[in-house]
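Accompanying notes for the structure given below.
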Amino acid sequence: MKLTDPTQTLAALIRCRSVTPAEGGALTTLSTMLSELGFANDRVTFSDEGTPDVENLYSRLGTSGPHLMFAGHTDVVPVGDEDAWTQGPFGADIIDGEMYGRGAVDMKGGIACFVSALARVIERSGTPKGSVSLLITGDEEGPSINGTEKLLAYAKAKGETWDAAVVGEPTNPDKMGDMIKIGRRGSLSGTLRVDGVQGHVAYPHLADNPLRGMVSLVEALLDPPLDAGNERFPPSNLEVTSIDTGNTATNVIPARATARFNIRFNDQWTAESLAAALRERLEQAGKATNTRPGREPVRYSVDFDARSSPSFLTRDDALIEALSEAVKQATGQTPALSTTGGTSDARFIKDYCPVVEFGLVGKTMHMVDERVALSDLEILTGVYEKFIEGWFERQSAGAEAR
Ligand SMILES: [Zn+2]
């Protein structure tokens with residue numbers, strides 16, 4: 001295999017059936033490629049009660065600093081309706097300039113391009129002056145319990161430290177060069193429960209309809225807006241995802257109502273400050289009587305999920321510049337610096353070193369006929385090549401200036 005050719009490195013990875021949590025040969029294939037480039041591989045399996053064991057890979061080239069990390073995952077989501085695929089989901093077939101396969105963009109493609117970029121850099125000018133490591137999990141599309149979070153802690157315990165990281169998840173909405181992610185919104189989910197008294201709709205004075213109280217409480221969650229956003233982040237947003245009583249009759253007032261909601265929040269909040277603000281809103285709204293004339297305050301409880309994720313913003317200008325400059329050179333486009341979208345494993349990495357994200361175009365991820373244009377593979381390989389060289393140059397220039 002020619003490691004400098006991303007169509008070859010990607011085809012080898014796509015042909016491994018690594019549907020979460022199966023390793024499927026993907027980490028073995030990647031380790032073999034990395035050994036060829038001089039990396040030292042460390043394969044480690046993590047376990048936790050109630051979740052499947054997951055294999056992970058930490059691989060490092062070099063022993064000195066500065067130290068650049070590339071992070072990603074070789075696991076993929078299930079193929080779904082396999083008959084609906086026009087090409088085999090693990091075949092890596094190329095039709096009209098596009099390679100088909102589960103994981104083509106999310107995110108075996110990102111990994112393949114990084115490996116090929118590194119192979120080109122090494123071929124052209126030798127190993128970088130410092131270290132490069134790959135931190136690769138098989139648990140990103142699953143519960144994410146036996147993956148990146150544990151692998152980072154494991155590597156740190158062995159003395160590993162990093163100066164910067166890039167995550168190769170698909171970040172471009174339409175075309176290569178659209179968008180770099182320099183942070184992410186946080187996520188917090190909650191459940192609101194209102195208790196009433198069940199009864200006949202014709203005799204409401206004998207009952208207490210929990211939906212009356214629920215309407216006031218939900219309105220208080222939605223209005224006024226949480227904030228107006230800022231330079232780097234869109235406004236925080238709360239979505240109510242269900243309001244349910246389990247009631248199928250139109251002549252029965254239900255005994256209780258439950259609402260579920262999720263907030264995607266910017267860096268003006270922590271999960272704690274947000275939960276406190278929402279509890280305060282509910283407390284005030286629970287006392288209001290407009291929807292429940294003459295009644296006692298609403299009887300309710302609210303619970304926030306313990307597994308929230310924080311918002312973060314990367315402030316390492318040299319890292320952001322090195323990546324933006326590489327994207328500009330390879331695509332001719334100035335990428336937007338964005339914090340939009342869902343959460344990613346960058347939320348764990350940001351506790352260890354500054355992290356940015358750039359990868360392929362995300363349009364077909366998780367879909368039937370997931371596929372990537374070969375020209376996009378070439379562009380991303382070019383971006384990573386220029387990024388690796390530019391980042392190490394900036395590091396040595398910075399060291400001389402110091
Ligand atoms: Zn992914």
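For the range 371-399, which positions are open to solvent by 20 Å² or more (accessible area, probe 1.4 Å), touching a Ser or Thr at 6+ places or on another chain (Cβ under 7 Å) and assigned to a helix (DSSP H, G or I)?
374, 379
One line per residue, one yes/no per condition, for (1) crowded, with 17+ Cβ neighbours inside 10 Å; (2) closer than 14 Å to residue 101 by Cα:
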position: 9; (1), (2): yes, yes
position: 17; (1), (2): no, yes
position: 23; (1), (2): yes, no
position: 35; (1), (2): no, no
position: 44; (1), (2): no, no
position: 50; (1), (2): no, no
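Within the range 120-139, track down each residue that is of a type in the set (A, V, I, L, M), more than 16 Å from the ligand (Cβ to nearest atom) and either open to solvent by less than 10 Å² (accessible area, probe 1.4 Å) or within 30 Å of residue 81 (Cβ to Cβ) (or both). I'd like the intermediate steps shown before the answer.
Pass one, the range 120-139, residues of a type in the set (A, V, I, L, M): 121-122, 132, 134-136.
Still in the running and more than 16 Å from the ligand (Cβ to nearest atom): 121-122, 132.
Selection gives 121, 132.
Could you list, in sequence order, all residues of the range 196-215 that are open to solvent by 60 Å² or more (accessible area, probe 1.4 Å) and in contact (Cβ under 8 Å) with a residue 60 or more places away in the chain?
The answer is 212, 215.
Table: residues versus (1) of a type in the set (A, V, I, L, M, F, W, C); (2) in contact with a Cys (Cβ under 8 Å, 6 or more places away or on another chain); (3) under 27 Å from residue 162 (Cα atoms).
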position: 11; (1), (2), (3): yes, no, no
position: 30; (1), (2), (3): yes, no, yes
position: 34; (1), (2), (3): yes, no, yes
position: 50; (1), (2), (3): no, no, no
position: 80; (1), (2), (3): no, no, no
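Within the range 268-287, how many residues are open to solvent by 80 Å² or more (accessible area, probe 1.4 Å) and in a loop (DSSP other than H, G, I, E, B)?
Quick first cut of the range 268-287, residues open to solvent by 80 Å² or more (accessible area, probe 1.4 Å) only: 268, 272, 279-280, 283-284, 287.
Now restrict to residues that are in a loop (DSSP other than H, G, I, E, B): 268.
Final tally of qualifying residues: 1.
Among the residues of the range 1-20, which ones are part of a helix (DSSP H, G or I), out of contact with any strand residue (DSSP E or B) (no Cβ under 8 Å at 6 or more places or on another chain) and not hydroxyl-bearing (Ser, Thr, Tyr)? Spell out how you get there, then give the answer.
Pass one, the range 1-20, residues part of a helix (DSSP H, G or I): 6-14.
This time we only want the ones that are out of contact with any strand residue (DSSP E or B) (no Cβ under 8 Å at 6 or more places or on another chain), so: 6, 8-9, 12-13.
Once the filter is applied, which keeps residues that are part of a helix (DSSP H, G or I), out of contact with any strand residue (DSSP E or B) (no Cβ under 8 Å at 6 or more places or on another chain) and not hydroxyl-bearing (Ser, Thr, Tyr), the range 1-20 yields 6, 8, 12, 13.
Kindly provide the set of residues from the range 140-182 that are among the basic types (Lys, Arg) and either in contact with a Cys (Cβ under 8 Å, 6 or more places away or on another chain) or within 16 Å of the ligand (Cβ to nearest atom) (or both), ordered by number. Lay out the reasoning, then the answer.
Filtering the range 140-182 down to residues among the basic types (Lys, Arg) leaves 150, 156, 158, 175, 181.
Residue satisfying the conditions is 181 alone.
So the check is Cβ under 9 Å with 6+ separation or different chains; which pairs have a first residue in the range 270-299 that's on the phi > 0 side of the Ramachandran plot and a second one that's not in a loop (DSSP other than H, G, I, E, B)?
none
If residue 345 satisfies all but one of (1) modelled with pLDDT of 95 or more; (2) surrounded by 23 or more Cβ atoms within 10 Å (Cβ to Cβ), what's the number of the condition it fails?
(1)
Among the residues of the range 90-112, write down those that are part of a loop (DSSP other than H, G, I, E, B) and either within 16 Å of the ligand (Cβ to nearest atom) or within 19 Å of residue 385 (Cβ to Cβ) (or both).
Our first condition is that a residue be part of a loop (DSSP other than H, G, I, E, B); within the range 90-112, this holds for 90-93, 96-97, 101-107.
Answer for the range 90-112, where residues must be part of a loop (DSSP other than H, G, I, E, B) and either within 16 Å of the ligand (Cβ to nearest atom) or within 19 Å of residue 385 (Cβ to Cβ) (or both): 101, 102, 103, 104, 105, 106, 107.
Can you report the number of residues in the range 21-38 which are part of a loop (DSSP other than H, G, I, E, B) and within 19 Å of residue 120 (Cα to Cα)?
Our first condition is that a residue be part of a loop (DSSP other than H, G, I, E, B); within the range 21-38, this holds for 21-25, 37-38.
If we keep only those that are within 19 Å of residue 120 (Cα to Cα) too, we end up with 37-38.
Count: 2.
Restricting to the range 72-88, what's the tally of residues that are in contact with a helix residue (DSSP H, G or I) (Cβ under 7 Å, 6 or more places away or on another chain) and more than 16 Å from the ligand (Cβ to nearest atom)?
Qualifying residue count for the region: 0.
Please go through (1) open to solvent by 20 Å² or more (accessible area, probe 1.4 Å); (2) assigned to a helix (DSSP H, G or I) for residue 218 and return the number of the only condition it doesn't satisfy.
That leaves (1) as the condition not met.
Out of 258, 245, I need the residue that is in contact with a helix residue (DSSP H, G or I) (Cβ under 9 Å, 6 or more places away or on another chain) and free of Cβ contacts under 8 Å to residues at least 60 places away in the same chain. Which one? First the steps, then the outcome.
On the way: 258 fails: free of Cβ contacts under 8 Å to residues at least 60 places away in the same chain.
So the residue among 258, 245 that is in contact with a helix residue (DSSP H, G or I) (Cβ under 9 Å, 6 or more places away or on another chain) and free of Cβ contacts under 8 Å to residues at least 60 places away in the same chain is 245.
Can you spot a residue in the range 360-370 that is crowded, with 24+ Cβ neighbours inside 10 Å, touching a helix residue (DSSP H, G or I) at 6+ places or on another chain (Cβ under 6 Å) and among the aliphatic types (A, V, I, L, M)?
yes
Answer yes or no: is there a residue in the range 210-225 that is in contact with a Ser or Thr (Cβ under 7 Å, 6 or more places away or on another chain), among the charged types (D, E, K, R) and either under 30 Å from residue 294 (Cα atoms) or within 16 Å of the ligand (Cβ to nearest atom) (or both).
Yes; the residues of the range 210-225 include at least one that is in contact with a Ser or Thr (Cβ under 7 Å, 6 or more places away or on another chain), among the charged types (D, E, K, R) and either under 30 Å from residue 294 (Cα atoms) or within 16 Å of the ligand (Cβ to nearest atom) (or both).
Table: residues versus (1) of a type outside the set (Asp, Glu); (2) open to solvent by 40 Å² or more (accessible area, probe 1.4 Å).
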site: 242; (1), (2): yes, yes
site: 245; (1), (2): yes, yes
site: 259; (1), (2): yes, no
site: 263; (1), (2): yes, no
site: 266; (1), (2): yes, no
site: 289; (1), (2): yes, yes
site: 296; (1), (2): no, yes
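Considering only residues of the range 306-336 that are in a helix (DSSP H, G or I) and at pLDDT below 95, which is surrounded by the fewest Cβ atoms within 10 Å (Cβ to Cβ)? Full working, then the answer.
Taking the range 306-336 as the starting set, the residues that turn out to be in a helix (DSSP H, G or I) are 317-331.
In the following step, the residues that additionally are at pLDDT below 95 were identified as 317-318.
On the way: 317: 10, 318: 16.
Per the criteria, the residue is 317.
The values are calculated or read from the model by the stated rules, or taken from the named source; none is laboratory data. A quick note: this is a predicted structure, and the numbers were derived from the prediction, not measured. Backbone-built Cβ (ideal geometry, glycine too); neighbour counts: all protein chains shown. Each accessible area value is taken on the protein alone, full model and side chains, heavy atoms only, with ligands, DNA and RNA left out. Shrake-Rupley method; radii C 1.70, N 1.55, O 1.52, S 1.80 Å.
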